[in-house]
Every structure is written in structure tokens, then in C-alpha cells.
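A short worksheet on the structure shown next.
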Amino acid sequence: MVTRILWLSRHEPEKEQIDELKEVFGEIEITQVRQFIKSIGHIVKLMGSKYDEAVVVLPYSLRVQMVEKGLRPIVSVRSENNEHLYFDVFLGYCARTMPLRRYHKMREENSCAELHERITYLEKKIESLRGE
């Protein structure tokens, strides 16, 4: 099965990034969108049912909104020299992330439900401590 990836960035995917995505997902098909993303509605419309994953270079607020819509944006972690180190999956508030390889393995093992329950619990706890 081919994993269809929406690449939301003005930068072309690098060989190292493509190689890592292939290691994690197997056969992949990447579609790049370079246009300016204004809103979560724009992202949801782009994703539709056409893509399985999204690699994004977006502001924090849009990544949070993606999570709120049930999407899990993938972001590139870069070195001080701007070299790709690995991918993280953005999981929500407080800049919570998890390495893509680990997240994908958990998802394959069906242990993600427990992870998502824990994240939801922690987010609610943080909100209550802040008095929101």
C-alpha cells in the first residue's frame, strides 16, 4: 500500500527526508504544496481524503489546530547547521512531540489509543491548572 504524503513547505523534500519517510511508511507518494497556508480550513480542504500524512512547515498555532481536527502533523527536526536530523509527530499543546519512527511503531501495534488518552488527560490537567 502506498502512503500518500502532503508536503506543506516551500522547500523541496531532501533525500534524507525521503529516505526516512520510506523507512517508516514503505512505498510513498509525495505531493508538494508551496502556497501560503492561511487557515486550518485550507489545510483540511487540501488533505481531504487524498492524503494519509502531512509533513508541514507551519506556525505553531496552525499545528495545534491540525491536532484539534484529528490530524497529526509531521515536522522536521533540524540541527544548528540546518541539516535534517529526524521527523517528529506534533501531538499538541506545550510543543509536545514524538519521534515519527516511535509514533508509527506504536500506531502499528495499536497502542496509540492509550497514548492519545494520556495526552488528552494531560492537556485537560494543564488547562485546569491554568484556570482555563
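Over 15 Å from the mean Cα position of the chain (by Cα) and not acidic (Asp, Glu): does that describe residue 1? Answer is yes for this residue. For the range 55-99, a residue qualifies if it is part of a loop (DSSP other than H, G, I, E, B) and polar (S, T, N, Q), and the qualifying residues are 79, 81, 82. For the range 32-59, what are the residues that are among the β-branched types (Val, Ile, Thr) and more than 15 Å from the chain's Cα centre (by Cα)? The answer is 33, 37.
Candidates are the residues of the range 18-48 that are part of a loop (DSSP other than H, G, I, E, B) and out of contact with any strand residue (DSSP E or B) (no Cβ under 8 Å at 6 or more places or on another chain); the one that is nearest to residue 85 (Cα to Cα) is 34. One residue stands out in the range 46-65 among those that are surrounded by fewer than 12 Cβ atoms within 10 Å (Cβ to Cβ) and at pLDDT below 90: the one that is nearest to residue 96 (Cα to Cα), namely 60.
Just to be sure before I move on: is residue 51 part of a loop (DSSP other than H, G, I, E, B), in contact with a Leu (Cβ under 9 Å, 6 or more places away or on another chain), over 13 Å from residue 37 (Cα atoms) and not charged (D, E, K, R) in the structure I sent?
Numbers: part of a loop (DSSP other than H, G, I, E, B): yes; in contact with a Leu (Cβ under 9 Å, 6 or more places away or on another chain): yes; over 13 Å from residue 37 (Cα atoms): yes; not charged (D, E, K, R): yes.
It is true that residue 51 is part of a loop (DSSP other than H, G, I, E, B), in contact with a Leu (Cβ under 9 Å, 6 or more places away or on another chain), over 13 Å from residue 37 (Cα atoms) and not charged (D, E, K, R).
Does any residue of the range 72-95 turn out to be closer than 30 Å to residue 121 by Cβ, touching a Gly at 6+ places or on another chain (Cβ under 8 Å) and either surrounded by fewer than 18 Cβ atoms within 10 Å (Cβ to Cβ) or polar (S, T, N, Q) (or both)? No, the range 72-95 contains no residue that is closer than 30 Å to residue 121 by Cβ, touching a Gly at 6+ places or on another chain (Cβ under 8 Å) and either surrounded by fewer than 18 Cβ atoms within 10 Å (Cβ to Cβ) or polar (S, T, N, Q) (or both).
The values are calculated or read from the model by the stated rules, or taken from the named source; none is laboratory data. Because the structure is a prediction, the values reported are computed rather than measured. Backbone-built Cβ (ideal geometry, glycine too); neighbour counts: all protein chains shown.
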